[in-house]
Amino acid sequence: MKLHEFQAKELFAGAGLPVPEGRVADSVQAAVEAAEALGYPAAIKAQVHAGGRGKAGGIRLARDRQEAQAAADAIIGMTLATAQTAGRGHTVRRVLVEQGQQIKDELYLSILPDRATASMMIIASTEGGMNIEEVAGTTPERIIRVRVNPLVGLQPFHLRQVAFGLGLRGDLFKSFCGLLQKLYSLVVSRDLLLAEINPLAVTEDDRLVLLDAKVEVDSSALFRHKDLAALHDPSEDDPLEAEAKKYHLNYIRLDGNIGTMVNGAGLAMATMDIIKQAGGEPANFLDVGGGANAEMIENGFRILLSDPDVRAILINIFGGILRCDVLATGVVEAAAKVALKLPVVVRMEGTNAEEGRRILNDSGLELITADGLQDAAEKIATIARQL
Amino acid sequence: MSIWVGNDTRLLVQGITGTEGRFHTLQCVQYGTNVVAGVTPGKGGQDVEDIPVFNTVREAVADTRANTSMIFVPPPFAADAILEAADAGIGLIVCITEGIPAHDMLRVKNGLAGSTSRLIGPNCPGIISPGTAKVGIMPGPIHKPGGIGVISRSGTLTYEVVHQLTAQGLGQSTCIGIGGDPVVGSNFIDCLTAFAGDNKTTGLVMVGEIGGNAEEEAAAFIRENIKVPVVGFIAGLTAPPGRRMGHAGAIVSGTSGTASSKIAVMRDCGLHVCEELGRLGEFCADIFTG
């Protein structure tokens, strides 16, 4: 679960980390008042779950009231599509207004669990303010990676490796080590999958300030962090994705016109691939999970059909825990309720597949049953060509 | 004819009294797996269809000589359950539970490093040696005893692959779902190493997906160490970057972890890569019997 920048900074401030003084505003007037109170220059920053806001015009600097007004006016209500939003725009509902800083230097710092080594990884660089993947690509020698065994925890030598690696000396060295220690504790104690500070600014008077903050909380760990769970912002979710989540369905909306419903994430991905290879474009990823019941299938089907772009549907179920007769019942009930008009190709295999096919055949619905995956692919291809 | 589970398996089920635990325990029994005990704290002394239930794994092991554990414990308690099984000296721990916090798994993985226990999963369908032992939630009847080893990151996608193999008359030695989480107990290379030591396994199918670089590392290992033919498949050719496709590990970030880059590396390392799932069975028949 991603946090907004202002939420991340509140979390950081609570852990004793230095963030700029700032206020959240959801109207132009409130933003101007915040800038007036904080003093100029002030930074006005769009609060959406997207990286690359600066380049997309979502962050502006104001030197006086007039500029603050103009900046807030331009940002609040804008639809922000950045290099990291995969073509989908986010409507800006809030801005964070912050005190501007006199910056001498910009560093990069992040901490995240590293899957390959099952360790905590600290990544730092002197090239702050840039896209870190670009830095890694062009000047990999400027990236410092330090791995920490989670059972041993962060040791002083880890701190020295990072701080000396960044070329820090004297008081700055000391304050950086203190900052890194607090950040590491926060990441572990709050089950964060990512804490990224880019840039971590060094001010003209040699203070460290966390200028930007990106935080992702482990959704699987929210059961022990009720306060973080409450920070979830449903307005950032696609409405259909949010609806699906209510029924414990894993749904991701895509750009195509062929809806899919599959059990299991791997098979769902492979089914999307099959549609694409057959010349169609998948409209979504929908994994109904291994233990889906008739009601979940019905809700999944309803969500598929409420996407106006969907012109045909491919259902691919390999019955294991989820029995095919249960699936078939769910599909028939949902189709009856919505007065189905779209072509639907159904491919079922595994537990109780025969019974499932019988239910579909006896339903009176015009469903196209497929015998095997290849047959399903060819049938959906034929339909895709006619769309 | 198999690795890790077989006729010697003496299975213990942690979380046996829950709905899922009970259901799948009985499915395993029905398949012929030797299920010797269950563990649910506070329910020691009860039984599930004549399988004795214990309060702790140590008690269960002392009484029944269980050597393998299958875990259905809910996510908040699953890390503890894995470590308890390891502490009791269980050799093979298969964790089915989905949704264990990532930081918990980091600690578990490092905690197991010094032990003799092997972990499969979490968030996996389990492991089956067709005809002898099923330790997991996969449908038994789609499998057939034989010589093909199957290793996969997915659940139902594995069933699809196995189903197609069986339809082609290609039986399986052992099929393992290693799990879709970023941190798993056993990776492709651990499984490949074990298969390399099983002279009855005559071919391998590796089913991967987008995200991370486990498939690339496995491919390099195969080039150096595996003598039997290996068929590879990657799910997620069409997955858009930056979106997590169900599995916590399945995400394309930047240019890394894409299906096409994985496929290129696998081909370079001598794997036979099939890009069409619908034809995977036929493709395997060509490679393994052609």
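The values are calculated or read from the model by the stated rules, or taken from the named source; none is laboratory data. None of these values were measured; they are calculated from a predicted model. Note that each Cβ is placed from the backbone with ideal geometry, even for glycine, and that neighbours are counted across all protein chains shown. We work out accessible area using only protein heavy atoms, side chains counted, and drop any ligands, DNA or RNA first. Shrake-Rupley method; radii C 1.70, N 1.55, O 1.52, S 1.80 Å.
Points to keep in mind about this one:
- Unique match (being buried (at least 16 other Cβ atoms within 10 Å of the Cβ), in contact with a Leu (Cβ under 8 Å, 6 or more places away or on another chain) and part of a helix (DSSP H, G or I)) among A:162, A:215, A:188, A:209: A:162
- Flag if residue A:214 is of a type outside the set (A, V, I, L, M, F, W, C) and touching a residue at least 60 places away in the same chain (Cβ under 8 Å): yes
- Flag for residue A:357 being buried (at least 24 other Cβ atoms within 10 Å of the Cβ), basic (Lys, Arg) and in contact with a strand residue (DSSP E or B) (Cβ under 7 Å, 6 or more places away or on another chain): no
- Restricting attention to segment A:165-176 and to residues that are at negative phi and outside any helix (DSSP H, G or I), the residue that is surrounded by the fewest Cβ atoms within 10 Å (Cβ to Cβ) turns out to be A:169.
- Answer residue from segment A:353-387, given it is of a type in the set (S, T, N, Q) and out of contact with any Gly (no Cβ under 6 Å at 6 or more places or on another chain) and is nearest to residue A:309 (Cα to Cα) among those: A:386
- All conditions in (1) under 30 Å from residue B:238 (Cβ atoms); (2) in a strand (DSSP E or B) hold for residue A:111, with the sole exception of (1).
- Taking segment A:328-339 as the range and being open to solvent by 40 Å² or more (accessible area, probe 1.4 Å) and hydrophobic (A, V, I, L, M, F, W, C) as the test, the residues that pass are A:336, A:338, A:339.
- Flag if residue A:283 is in contact with a Leu (Cβ under 9 Å, 6 or more places away or on another chain), open to solvent by less than 10 Å² (accessible area, probe 1.4 Å), of a type outside the set (Val, Ile, Thr) and within 7 Å of chain B (Cβ to nearest Cβ): no
- Some residue of segment A:369-384 being open to solvent by less than 30 Å² (accessible area, probe 1.4 Å), in a helix (DSSP H, G or I) and more than 14 Å from chain B (Cβ to nearest Cβ): yes
Per-residue answers, yes or no, for (1) part of a loop (DSSP other than H, G, I, E, B); (2) at the interface with chain B (Cβ under 9 Å from one of its Cβ atoms):
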site	(1), (2)
A:252	no, yes
A:260	no, no
A:266	no, yes
A:271	no, yes
A:276	no, yes
A:332	no, no
A:359	no, no
A:364	yes, no
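- Number of residues in segment A:99-116 that are in contact with a strand residue (DSSP E or B) (Cβ under 9 Å, 6 or more places away or on another chain) and within 9 Å of chain B (Cβ to nearest Cβ): the value is 2.
- Here residue A:348 fulfils each of the conditions (1) in contact with a Pro (Cβ under 7 Å, 6 or more places away or on another chain); (2) within 22 Å of residue B:282 (Cα to Cα); (3) among the aliphatic types (A, V, I, L, M) apart from (1).
- Failed item in (1) farther than 30 Å from residue A:308 by Cα; (2) assigned to a helix (DSSP H, G or I), with residue A:244 passing the rest: (1)
- Hits in segment A:138-159 (condition: within 14 Å of chain B (Cβ to nearest Cβ), open to solvent by 90 Å² or more (accessible area, probe 1.4 Å) and farther than 16 Å from residue A:184 by Cα): A:138
- Leading residue by the ranking (farthest from the other protein chains (Cβ to nearest Cβ)) among those in segment B:110-123 that are at pLDDT 95 or above and buried (at least 24 other Cβ atoms within 10 Å of the Cβ): B:120
- Single match in A:274, A:258 (criterion: buried (at least 24 other Cβ atoms within 10 Å of the Cβ), β-branched (Val, Ile, Thr) and under 27 Å from residue B:178 (Cα atoms)): A:274
- When residues of segment A:286-317 are limited to those that are out of contact with any strand residue (DSSP E or B) (no Cβ under 6 Å at 6 or more places or on another chain) and polar (S, T, N, Q), the one farthest from the other protein chains (Cβ to nearest Cβ): A:306
- Residue match in segment A:55-73 (condition: under 30 Å from residue A:176 (Cβ atoms), part of a loop (DSSP other than H, G, I, E, B) and open to solvent by less than 50 Å² (accessible area, probe 1.4 Å)): yes
- Any hit, segment B:157-171, residues being closer than 16 Å to residue B:70 by Cα and open to solvent by less than 20 Å² (accessible area, probe 1.4 Å): no
- Candidate set from segment A:119-137 (those that are out of contact with any Pro (no Cβ under 7 Å at 6 or more places or on another chain) and more than 13 Å from chain B (Cβ to nearest Cβ)); member that is most open to solvent (accessible area, probe 1.4 Å): A:130
- For residue B:209, the conditions (1) crowded, with 24+ Cβ neighbours inside 10 Å; (2) under 21 Å from residue B:228 (Cα atoms) all hold with the exception of (2).
- Yes/no for residue A:200 being more than 11 Å from chain B (Cβ to nearest Cβ), open to solvent by 10 Å² or more (accessible area, probe 1.4 Å) and over 20 Å from the mean Cα position of the chain (by Cα): no
- Beta carbons closer than 7 Å, at least 6 apart along the sequence or on distinct chains, pair a first residue in segment B:136-150 that is over 20 Å from residue B:192 (Cα atoms) with a second that is surrounded by 21 or more Cβ atoms within 10 Å (Cβ to Cβ) and of a type in the set (Lys, Arg) for B:140/B:134.
- Segment B:183-232, residues that are β-branched (Val, Ile, Thr) and either within 18 Å of residue B:263 (Cα to Cα) or without any contact (Cβ under 8 Å) to a residue 40 or more places away in the chain (or both): B:189, B:193, B:205, B:207, B:210, B:222, B:226, B:228, B:230, B:231
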